[in-house]
Amino acid sequence: MLELDLSADIQALRSTFNDIQSVVDVDALAAEIARLSDEAGAPDLWDDPEQAQKVTSALSHRQAEMSRITAVAQRLDDLEVLVELANEMEDEESAAEARRELVDLEKVIGDLEVQTLLDGEYDDRAAVVTIRSGAGGDDATDFAEMLMRMYLRWAERHKYPVKVMDTSYAEGAGIKSATFEIDAPYAYGTLSVEAGTHRLARISPFGAADKRQTSFAAVEVIPVMEEAVEVDIPEGDIRVDVFRSSGPGGQSVNTTDSAVRITHIPTGIVVSMQNEKSQIQNRAAAMRVLQTRLLLLKREEEAAKKKELAGTITASWGDQMRSYFLYGQQLVKDLRTGHEVGNPAVVFDGDLDGFIAAGIRWRKRKDDDD
């Protein structure tokens, strides 16, 4: 006789889920969605396209957050019904489905629980990710491209919109740098734990046979700021260079000098944009990113530099946060949390949630200890 008892497991999940709902404040979230919906429905909304974009983006993010909450609540109810059905009908197939759903819900609710730890000032914002190759020659530029694909695949797995803003291709393999925006709720808080120096150790496909090569790439993550009015950048503090956009191997993809590189002279911060259609658009996008970086720099200086700014990462020995071993023992290991995966292929294909969750919990513990 079939007797499937998952009541204790389901009750534990409900308890965790109730705590999540309390932290999220579902009533306040619903009120915010109602307010933004009213603004989005205003007949003159698109008279100011920039403000309209902010409203519709904020509404989309809040609705997505609410959808995740309501979907989990419904799935918990459905799971209880499925367990009852399996017992009443003595149906092993329904029992197996219930067990699978329990495991899946444990992961989904675990992910939501991690999100409740994202309570930083900018954690709920979209993210701009920049990857730069470091020491290691062709292996480093190839590694930088592997990391870019890894994060794009992670975003694709979660159905997060991505906009590539700039790509600087290397003369040999891979890329010198790339910048892209991931437009999703809590993208910055989630991905900020990925910032740091990543190290790759493998048998080089570019050098002498059977020679092990170590290479590095730096990952920088900053939030998308709606406004950066607190940062005033005098024209005399920046140098603006325009150039022709290019693709892999230097192949031209644009017949006009529409790409823009802005250098902030006092700090040495450089921002390049080339994926918009016009020079004006590229300059505006570059200025937004520059303002954000300067704002973060200002905030960190005011906080006595409790943490290093992402742009100071050296992408070399002594500053590593994760190692990827592609020879001998196949392994990806985070040096801060100890989290590791013995199949690098799935990690490079975007399976990063375990590393990200471990990183968020590690950071929370570290902040609490401080």
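Key figures
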{"read-out": "Some residue of the range 236-255 being exposed (fewer than 15 other Cβ atoms within 10 Å of the Cβ), in contact with a helix residue (DSSP H, G or I) (Cβ under 9 Å, 6 or more places away or on another chain), β-branched (Val, Ile, Thr) and at pLDDT 90 or above", "value": "yes"}
{"read-out": "Members of the range 204-235 that are modelled with pLDDT under 90 and within 30 Å of ALA345 (Cβ to Cβ)", "value": "SER204, PRO205, PHE206, GLY207, ALA208, ALA209, ASP210, LYS211, ARG212, GLN213"}
{"read-out": "Residue list for the range 337-370, restricted to those being touching a Lys or Arg at 6+ places or on another chain (Cβ under 9 Å), basic (Lys, Arg) and within 16 Å of THR190 (Cβ to Cβ)", "value": "ARG363"}
{"read-out": "Pick from the range 150-170, criterion open to solvent by less than 40 Å² (accessible area, probe 1.4 Å) and farther than 13 Å from SER245 by Cα, ranking: farthest from the chain's Cα centre (by Cα)", "value": "ALA170"}
{"read-out": "Yes/no for GLY207 being among the small types (Gly, Ala, Ser) and surrounded by 22 or more Cβ atoms within 10 Å (Cβ to Cβ)", "value": "no"}
{"read-out": "Residue that is modelled with the highest pLDDT [pool: residues in the range 272-313 that are closer than 19 Å to GLU121 by Cβ, open to solvent by less than 90 Å² (accessible area, probe 1.4 Å) and not in a helix (DSSP H, G or I)]", "value": "ALA303"}
{"read-out": "Lone qualifier among SER15, SER22, SER60 - being open to solvent by 70 Å² or more (accessible area, probe 1.4 Å) and small (Gly, Ala, Ser)", "value": "SER22"}
{"read-out": "Index of the failed condition, ALA30 passing every other in (1) open to solvent by 30 Å² or more (accessible area, probe 1.4 Å); (2) over 23 Å from THR56 (Cβ atoms); (3) at pLDDT 90 or above", "value": "(2)"}
{"read-out": "Out of ARG365, ARG361, sole residue that is on the phi < 0 side of the Ramachandran plot, touching a helix residue (DSSP H, G or I) at 6+ places or on another chain (Cβ under 9 Å) and outside any loop (DSSP other than H, G, I, E, B)", "value": "ARG361"}
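The values are calculated or read from the model by the stated rules, or taken from the named source; none is laboratory data. None of the values given here were measured: they were computed from a predicted structure. Cβ atoms come from the backbone with ideal geometry, glycine included; neighbour counts cover every protein chain shown. Only protein heavy atoms, including side chains, enter the accessible area calculation; ligands, DNA and RNA are left aside. Shrake-Rupley method; radii C 1.70, N 1.55, O 1.52, S 1.80 Å.
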